[in-house]
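Notes follow the structure.
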Amino acid sequence: MSTFDVAIGVGPAGTAGQLRGPAGVPAHRSGGAGEHGPAGARRQWLVAATGVIGGAGLLASAWPLLDSMEPSARALAVGGPVTVDVSDLAPGQLRTVLWRGKPVWLMRRTDAMVRALEQPNPVLADPASKRSEQPASCANATRSVRADLFVAVGVCTHLGCTPVLRLDDAALNAELHAPGGFYCPCHGSRFDLAGRVVQDVPASTNLEVPEYRFLSDSSLQIG
């Protein structure tokens, strides 16, 4: 490309197109007065100012789009792991934490509760949890990594209601042969303290057990 590019076109009164230098900067013709006086300087200032304002407007209009593409801290936290301190969880106590928008239970089971779970119970629909969702580390009678601590998603597998813990319900205890269980008040589904559902109720599978691991004796990470 030559030093000057010619801008194709015809100027006022049929004059030739204006010569432009590198990067499109107008080349001044020697001897011309139009580009040198006060009027020419003002024209160049207006052109430069218009370019700056236009660039700022483009950046301002693009910012909302760029900002919407940046993930928020809340969005990152929704699917991330949750660390829970269970050091003060008393025997028989149930605590609920939020993980991925779901209520997750953490319950400290007593020795009597664990012994009852380890006994065969013909009333359970899926005692070995073969049709239910849990990590491989929880594929056992207590459906847990540690027998004393139960972790499960507190959502009924029928229609998504929230079951409640009942430790002093004589009828439920007699059915489960255990000192307590979970009862869904919406449609009557019942679960033992390992989240295993009984037969002939609306819920067809055991409660979900999420992936989790112990970080220490007193804390665990869900997810």
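If you average the alpha carbon positions of the range 176-209 and of the range 92-143, how far apart do those two centres end up, in angstrom?
The two parts, judged by their Cα centres, are 10 Å apart.
Would you mind checking the radius of gyration and Dmax of the range 66-223 based on alpha-carbon positions, in Å?
16.2, 60
Given the whole protein assembly as supplied and a 1.4 Å probe, what does the accessible area of Thr205 come to in Å², nearest 10?
Its heavy atoms expose roughly 40 Å² to the probe.
Whose amide H sits under 5 Å from the amide H of Leu149, counting only residues 5 or more places off or on another chain, with H placed in the peptide plane?
Here the answer is Arg109, since their amide H atoms fall under 5 Å of that of Leu149.
Looking at the square roots a ≥ b ≥ c of the eigenvalues of the Cα gyration tensor of the range 100-151, which shape do they give, rounded for a/c under 1.5, prolate if a/b is larger than b/c, or oblate?
It is oblate, given that a/c is not under 1.5 and a/b is not larger than b/c.
What list of ³J(HN,Hα) values in whole Hz, one per residue of the range 157-167 in order, does the Karplus curve 6.51 cos²θ - 1.76 cosθ + 1.60 (θ = phi - 60°) give from phi, with Gly and Pro shown as x?
These are the phi-based 3J(HN,Hα) values: 7, 8, 10, x, 6, 10, x, 10, 7, 10, 9 Hz.
Tabulate in residue order the Karplus-calculated ³J(HN,Hα) for the range 81-93, using 6.51 cos²θ - 1.76 cosθ + 1.60 with θ = phi - 60°, rounded to whole Hz; enter x for Gly and Pro.
Here the 3J(HN,Hα) series is x, 10, 9, 10, 8, 10, 5, 9, 7, 7, x, x, 8 Hz.
Taking the Cα-to-Cβ direction at Asp168 and at Thr83 and moving 7 Å from each Cα, how far apart do the two end points lie in nm?
Roughly 3.8 nm, to one decimal.
Once the piece of chain linking Arg115 and Thr205 is laid out straight, how much longer is it, given 0.36 nm per residue of separation minus the C-alpha distance between them?
Value of the extension gain: 30.2 nm.
Tell me the label-point distance for the pair Asp126, Asn140, using the 7 Å Cα-to-Cβ offset, in nm and rounded to one decimal.
According to this spin-label approximation, the distance is 2.0 nm.
With r as the distance between the Cβ atoms of Leu159 and Arg95 and R0 = 22 Å, compute the FRET efficiency 1/(1 + (r/R0)^6) and round to 0.05.
My answer for the efficiency is 0.35.
Less than 12 Å Cβ to Cβ from Cys184, Lys/Arg counted +1 and Asp/Glu -1: what total charge do the surrounding residues give?
+2
The values are calculated or read from the model by the stated rules, or taken from the named source; none is laboratory data. Given the structure is predicted, the values throughout are model-derived calculations rather than measurements. In this analysis, Cβ positions are derived from the backbone assuming ideal geometry, glycine residues included, and neighbour counts consider all displayed protein chains. Heavy atoms of the whole protein, side chains included, go into the accessibility calculation; ligands, DNA and RNA do not. Shrake-Rupley method; radii C 1.70, N 1.55, O 1.52, S 1.80 Å.
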